[in-house]
Amino acid sequence: MKKHTDVLIIGGGPAGTAAAITLSRYTSLSVALVERAEFDDYRAGESVSPSIFPLLSYLGIEREQLEQIHLPSYGHAAAWGSDQLIVRDLLFSGQGNGLHLDRRQFDELLIREAKKYGTLVYRPARVTEINKTENWELKIKTGEDQIELSARYVIDCSGKNGLIVKKQQCRVHKEDNLVALYGYYSLNDEHILPHQTVLETTEHGWYYLSPLPNKKVAIAFITDADILKALDLNNPDAWLEYGMKTQHICTTLAQLSEPEAFRHYAINSKVALIPGSDNWIAAGDAAACFDPISALGIGHAINSGINSARVVEQYFSGNQEAGKAYSRFVLDHFGTYLDMRKGYYASEQRWRNSPFWQRRVVEHSK
Ligand SMILES: Cc1cc2nc3c(=O)[nH]c(=O)nc-3n(C[C@H](O)[C@H](O)[C@H](O)COP(=O)(O)OP(=O)(O)OC[C@H]3O[C@@H](n4cnc5c(N)ncnc54)[C@H](O)[C@@H]3O)c2cc1C
């Protein structure tokens with residue numbers, strides 16, 4: 001089977017679907033999207049701020065619809081800079097609450113919307129070959145079918161390992177080696193848990209507790225890959241023992257039994273130096289990844305997905321400069337984020353001699 005479209009999007013996460021919906025809803029370009037997963041694994045406990053609602057509304061998804069599925073996030077409580085838990089409420093932000101996402105349902109909704117506006121979705125589908133001449137030629141396998149796809153433009157939304165970013169040997173600036181170890185737990189009626197996200201720092205990193213929809217909770221320890229190895233925290237028993245030494249997270253850990261799943265994620269900050277002048281671009285994590293402390297990831301994915309679609313629309317109208325401006329926007333955004341990140345980590349002064357904290361307050365190269 002052969003199929004030609006104007007635009008091909010690789011990856012059906014928030015970036016890919018935002019790009020697909022924007023193109024299919026607001027332009028006459030033909031769009032195909034390839035997604036390899038069924039979204040059936042555990043997903044990190046992710047929260048989004050209320051600033052995401054106007055972006056989603058642009059994509060035709062309204063706040064009320066989301067609030068029926070996802071848990072409200074009223075803010076967070078953090079022992080960050082002192083051992084006291086200080087509550088920061090979103091209630092008084094003027095924008096109302098954010099959300100603790102059920103990522104599976106969130107991504108499914110976005111894919112459905114993309115299909116509704118006319119995007120051709122291949123899922124689950126595996127890219128088996130990529131060739132680029134004037135056009136892009138890809139071979140994919142979906143079920144028993146081999147399909148040859150061609151497109152004039154490709155948007156790489158394949159997440160942090162950026163399939164096209166790699167294929168095009170695009171330079172990627174990497175800031176750190178941050179990793180997260182997550183335990184996922186189911187709750188019963190006797191568990192008494194905080195309703196907001198809880199953060200707590202330790203000498204070697206920080207903890208993150210996030211309520212999840214469907215009576216679950218995720219508890220994560222965030223540190224650098226070398227520190228994780230030195231402390232042997234990949235071992236679930238050592239992970240639990242270290243967690244029990246905290247002042248606040250331990251209260252929740254003590255109520256829970258075995259995690260039903262334990263996952264390791266690479267969450268290092270990095271940015272791709274996308275040329276912007278060629279017939280491809282990257283959005284979401286494929287363009288830039290952020291420390292989860294910033295909670296920028298999903299908002300950036302949707303925003304850059306929408307903006308990359310506008311670049312493509314300009315490209316087809318004969319303006320090939322828009323891609324370069326987009327590329328500068330991604331770099332500037334990353335620079336602003338690094339300043340912000342430095343501020344967050346500098347506000348914890350109790351472990352000034354610890355490598356984890358020292359590494360994050362040094363000047364970064366912009
Ligand atoms: C531990 C952790 C905690 C986080 N916490 C937060 C948070 O609280 N708030 C927040 O806003 N963000 C958070 N993030 C970041 C957020 O998850 C990402 O920034 C966001 O998912 C990026 O969206 P994306 O569409 O760019 O990539 P992804 O969501 O990774 O989607 C990429 C898609 O591409 C598909 N794909 C990959 N390769 C191929 C291929 N070869 N062919 C076809 N399909 C492919 C994948 O299956 C995937 O569905 C967190 C991330 C992690 C790991």
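Residues in the stretch 59-114 that are acidic (Asp, Glu), over 27 Å from Trp206 (Cβ atoms) and assigned to a loop (DSSP other than H, G, I, E, B): how many?
Qualifying residue count, the stretch 59-114: 1.
For beta carbons closer than 9 Å, sequence separation of 6+ or different chains, a first residue in the stretch 147-170 that is within 10 Å of Lys132 (Cα to Cα) and a second that is among the charged types (D, E, K, R) and not in a strand (DSSP E or B), the qualifying pairs are Arg152/Glu134; Gln168/Asp278.
Candidates in the stretch 302-320 are the residues that are touching a residue at least 24 places away in the same chain (Cβ under 8 Å) and polar (S, T, N, Q); of these, the one that is nearest to Ser51 (Cα to Cα) is Asn303. From the list Ile69, Ile86, the lone residue that is in contact with a strand residue (DSSP E or B) (Cβ under 7 Å, 6 or more places away or on another chain) and surrounded by fewer than 17 Cβ atoms within 10 Å (Cβ to Cβ) is Ile86.
Would you confirm, using the coordinates I've provided, whether Lys167 is farther than 17 Å from Asp291 by Cα and out of contact with any Asp or Glu (no Cβ under 6 Å at 6 or more places or on another chain)?
Details: farther than 17 Å from Asp291 by Cα: yes; out of contact with any Asp or Glu (no Cβ under 6 Å at 6 or more places or on another chain): yes.
In short, yes.
Name the single residue, out of those in the stretch 160-200 being buried (at least 19 other Cβ atoms within 10 Å of the Cβ) and of a type in the set (D, E, K, R), that is modelled with the highest pLDDT. Ranking the candidates gives Glu200 first. Residues in the stretch 89-122 that are more than 13 Å from the ligand (Cβ to nearest atom), over 23 Å from Ser49 (Cβ atoms) and touching a residue at least 60 places away in the same chain (Cβ under 8 Å): Tyr117, Gly118, Thr119, Leu120.
Number of residues in the stretch 1-20 that are more than 9 Å from Val34 (Cα to Cα) and more than 6 Å from the ligand (Cβ to nearest atom) equals 11. Would you point out the residue of the stretch 21-37, among those that are near the ligand (Cβ under 9 Å from one of its atoms) and in a loop (DSSP other than H, G, I, E, B), that is surrounded by the most Cβ atoms within 10 Å (Cβ to Cβ)? So, considering only residues that are near the ligand (Cβ under 9 Å from one of its atoms) and in a loop (DSSP other than H, G, I, E, B), the one surrounded by the most Cβ atoms within 10 Å (Cβ to Cβ) is Glu35.
In this structure, Pro259 does not satisfy being touching a Phe, Trp or Tyr at 6+ places or on another chain (Cβ under 8 Å) and within 29 Å of Val362 (Cβ to Cβ).
Looking at Phe262, Phe334, Phe329, can you tell me which residue is out of contact with any strand residue (DSSP E or B) (no Cβ under 9 Å at 6 or more places or on another chain), over 24 Å from Leu90 (Cβ atoms) and within 16 Å of the ligand (Cβ to nearest atom)?
On the way: Phe262 fails: out of contact with any strand residue (DSSP E or B) (no Cβ under 9 Å at 6 or more places or on another chain); Phe334 fails: out of contact with any strand residue (DSSP E or B) (no Cβ under 9 Å at 6 or more places or on another chain).
Of the residues listed, the single one that is out of contact with any strand residue (DSSP E or B) (no Cβ under 9 Å at 6 or more places or on another chain), over 24 Å from Leu90 (Cβ atoms) and within 16 Å of the ligand (Cβ to nearest atom) is Phe329.
Within the stretch 294-307, can one find any residue that is over 17 Å from the mean Cα position of the chain (by Cα) and buried (at least 17 other Cβ atoms within 10 Å of the Cβ)? Before you say what the answer is, go through the steps one by one.
Applying the first criterion (over 17 Å from the mean Cα position of the chain (by Cα)) to the stretch 294-307 yields none.
Looking for residues that are over 17 Å from the mean Cα position of the chain (by Cα) and buried (at least 17 other Cβ atoms within 10 Å of the Cβ), one finds none in the stretch 294-307, hence no.
If you go through the stretch 186-211 and pick out every residue that is touching a helix residue (DSSP H, G or I) at 6+ places or on another chain (Cβ under 9 Å) and not in a loop (DSSP other than H, G, I, E, B), you end up with 10. Among the residues making up the stretch 162-185, those that are farther than 30 Å from Gly243 by Cα and not in a strand (DSSP E or B) are Gly162, Leu163, Ile164, Val165, Lys166, Lys167, Gln168, Gln169, Cys170, Arg171.
Within the stretch 17-30, residues that are in contact (Cβ under 8 Å) with a residue 60 or more places away in the chain reach partners that are within 11 Å of the ligand (Cβ to nearest atom) and acidic (Asp, Glu) with beta carbons closer than 9 Å, at six or more positions or on different chains, in the pairs Thr17/Glu35; Thr17/Asp107.
For Ala288, are the conditions met, namely being within 13 Å of the ligand (Cβ to nearest atom) and assigned by TED's automatic domain parsing to the domain that holds Gly45?
Values: within 13 Å of the ligand (Cβ to nearest atom): yes; assigned by TED's automatic domain parsing to the domain that holds Gly45: yes.
It is true that Ala288 is within 13 Å of the ligand (Cβ to nearest atom) and assigned by TED's automatic domain parsing to the domain that holds Gly45.
Screening Gly297 against (1) over 20 Å from Trp80 (Cβ atoms); (2) small (Gly, Ala, Ser); (3) near the ligand (Cβ under 10 Å from one of its atoms) leaves a single unmet condition, (1).
This table checks each residue for (1) over 17 Å from the mean Cα position of the chain (by Cα); (2) surrounded by fewer than 21 Cβ atoms within 10 Å (Cβ to Cβ).
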position	(1), (2)
Val271	no, no
Ile274	yes, no
Gly318	yes, yes
Thr336	yes, yes
Tyr344	yes, yes
Asn353	yes, yes
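The values are calculated or read from the model by the stated rules, or taken from the named source; none is laboratory data. Quick caveat: nothing in here was measured; it's all calculated off a predicted structure. With ideal geometry, Cβ positions are generated from the backbone for all residues, glycine too; neighbour counts draw on all protein chains shown.
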